[in-house]
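Here the structure is laid out as structure tokens; the discussion comes afterwards.
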Amino acid sequence: MEEWQRRYPVFPRVLLVLDGTGPTGIDNRISALHAGAKFAHIDFLRGVPMLAAPLNDLLRSGPSAPIWRPVTNPGQQVSWTDSLRG
């Protein structure tokens with residue numbers, strides 16, 4: 001096990017904040033991320049959750065709210081703290 005994994009067993013996560021478009025554009029961007037995730041190494045996706053959320057939702061509900069959509073399962077919404085619990 002690498003040193004950083006001993007100190008931070010629940011990190012890292014990749015949190016993507018999306019802005020500059022409406023709800024349809026956000027959905028399109030998350031769909032594009034989902035399509036791109038299929039090319040990533042499966043161990044990387046299992047070990048490093050990638051989550052995306054619209055900036056408006058983040059400002060309205062806060063970062064701990066279940067507004068984050070896993071790139072590998074964009075139909076689901078989770079809080080960033082629950083993203084490793086499966």
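The values are calculated or read from the model by the stated rules, or taken from the named source; none is laboratory data. These figures come from a predicted structure and were not determined experimentally. Quick reminder, even Gly has a Cβ in these numbers, built from the backbone with ideal geometry, and neighbours come from all protein chains shown.
Filtering segment 48-86 down to residues that are in a helix (DSSP H, G or I) and of a type outside the set (D, E, K, R), which residue is modelled with the lowest pLDDT? Break it down into steps so the answer makes sense when it comes.
Step one: of segment 48-86, the residues in a helix (DSSP H, G or I) are 55-61, 80-82.
Going one step further and asking which of them are of a type outside the set (D, E, K, R), we end up with 55-56, 58-59, 61, 80-81.
Numbers: 55: 95, 56: 94, 58: 94, 59: 95, 61: 95, 80: 83, 81: 77.
Looking at the filtered set, the residue picked out is 81.
Quick one: in segment 20-41, which of the residues that are outside any helix (DSSP H, G or I) and small (Gly, Ala, Ser) is surrounded by the most Cβ atoms within 10 Å (Cβ to Cβ)?
Taking segment 20-41 and keeping what is outside any helix (DSSP H, G or I), we get 20-22, 38-41.
This time we only want the ones that are small (Gly, Ala, Ser), so: 20, 22, 40.
Values: 20: 8, 22: 10, 40: 13.
Top of the filtered list is 40.
Among the residues of segment 27-47, are any modelled with pLDDT of 90 or more and in contact with a strand residue (DSSP E or B) (Cβ under 8 Å, 6 or more places away or on another chain)?
Checking segment 27-47: at least one residue is modelled with pLDDT of 90 or more and in contact with a strand residue (DSSP E or B) (Cβ under 8 Å, 6 or more places away or on another chain).
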